[in-house]
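K.L.:
Structure provided below as structure tokens; questions to follow.
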Amino acid sequence: MKKSLIEDLLAGYEKTIARLVLYCIYELSFPMGLKRTIDILKGNKSSFVINHELNKLETFSVLPGYTRDQLSDIIDILINQEMIVVEKFSKDQAEGSVLKLGSKGKDYLEGKGKTEFVLLDVLMDKDIPELSEDDQDLFYKLKLTRRQLAEENDIPAFMVCSDMSLRNICIKKPMEPEELERIKGVGKKFMENYSRQFLYVVRQYVTREKGV
């Protein structure tokens with residue numbers, strides 16, 4: 001009984017968090033990017049939020065206890081499940097993207113969808129078994145860099161690179177562009193836009209923390 005009870009509770013917990021995020025996107029009067037969607041969920045009272053009266057939304061500050069990293073990871077999972085759709089746009093020679101509720105997301109809000117997903121690894125901040133204890137430290141530094149780049153460009157984190165790519169970088173620890181380019185999952189766009197920032201993190205980690 002105990003095991004089935006906790007399994008039911010955790011499953012319900014995941015579904016509630018997912019629905020809150022989906023409802024936040026659903027109730028917006030106009031679509032927004034990742035950064036501002038997270039601002040609403042966390043209850044960030046920025047001038048943009050106040051000027052557009054977003055603080056009056058039902059989902060404003062509904063998940064204040066979660067980090068931006070956790071909320072972005074949750075949104076990434078829902079995007080991968082096609083519950084949230086990323087729509088790119090171009091305006092005044094600037095490019096960006098907004099989040100919209102997909103048809104699967106609408107069904108899930110209405111209790112019709114039976115999509116299986118796992119949010120607990122994000123919410124409970126569990127260790128990554130594929131990496132050593134030292135490499136996990138580098139992994140989180142790289143993950144933070146990815147999150148910062150994603151927010152600067154107002155895109156989901158997975159569009160910068162995948163977790164698997166980050167793990168490969170942790171294991172290989174490339175110090176030069178040609179070494180980074182050989183890592184599985186690292187493509188031309190990544191090299192052009194983000195290689196400098198990630199190489200900096202790896203170099204700092206290896207030289208300062210590892211004493212190389």
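The values are calculated or read from the model by the stated rules, or taken from the named source; none is laboratory data. Remember, predicted model here, so these are calculated numbers, not experimental data. Here the Cβ is made from the backbone with ideal geometry for all residues, glycine too, and neighbour counts use every protein chain on show.
K.L.:
Can you name the residue in segment 165-185 that is more than 22 Å from residue 97 (Cβ to Cβ) and aliphatic (A, V, I, L, M) and, of all such residues, is surrounded by the most Cβ atoms within 10 Å (Cβ to Cβ)?
P.N.:
Checking each candidate, the answer is 169.
K.L.:
Among the residues of segment 117-140, is there at least one that is part of a strand (DSSP E or B) and either at pLDDT 80 or above or of a type in the set (Val, Ile, Thr) (or both)?
P.N.:
no
K.L.:
Would you check if there is a residue in segment 98-110 being modelled with pLDDT under 85 and surrounded by fewer than 18 Cβ atoms within 10 Å (Cβ to Cβ)?
P.N.:
no
K.L.:
When segment 140-154 is examined, which residues are found to be touching a residue at least 12 places away in the same chain (Cβ under 8 Å) and acidic (Asp, Glu)?
P.N.:
Within segment 140-154, 151, 154 qualify.
K.L.:
So, in segment 12-68, exactly how many residues are in contact with a Pro (Cβ under 7 Å, 6 or more places away or on another chain) and charged (D, E, K, R)?
P.N.:
1
K.L.:
For the subset of segment 25-64 comprising residues that are touching a residue at least 60 places away in the same chain (Cβ under 8 Å) and not in a helix (DSSP H, G or I), which member is nearest to residue 152 (Cα to Cα)?
P.N.:
Looking at residues that are touching a residue at least 60 places away in the same chain (Cβ under 8 Å) and not in a helix (DSSP H, G or I), I get 33.
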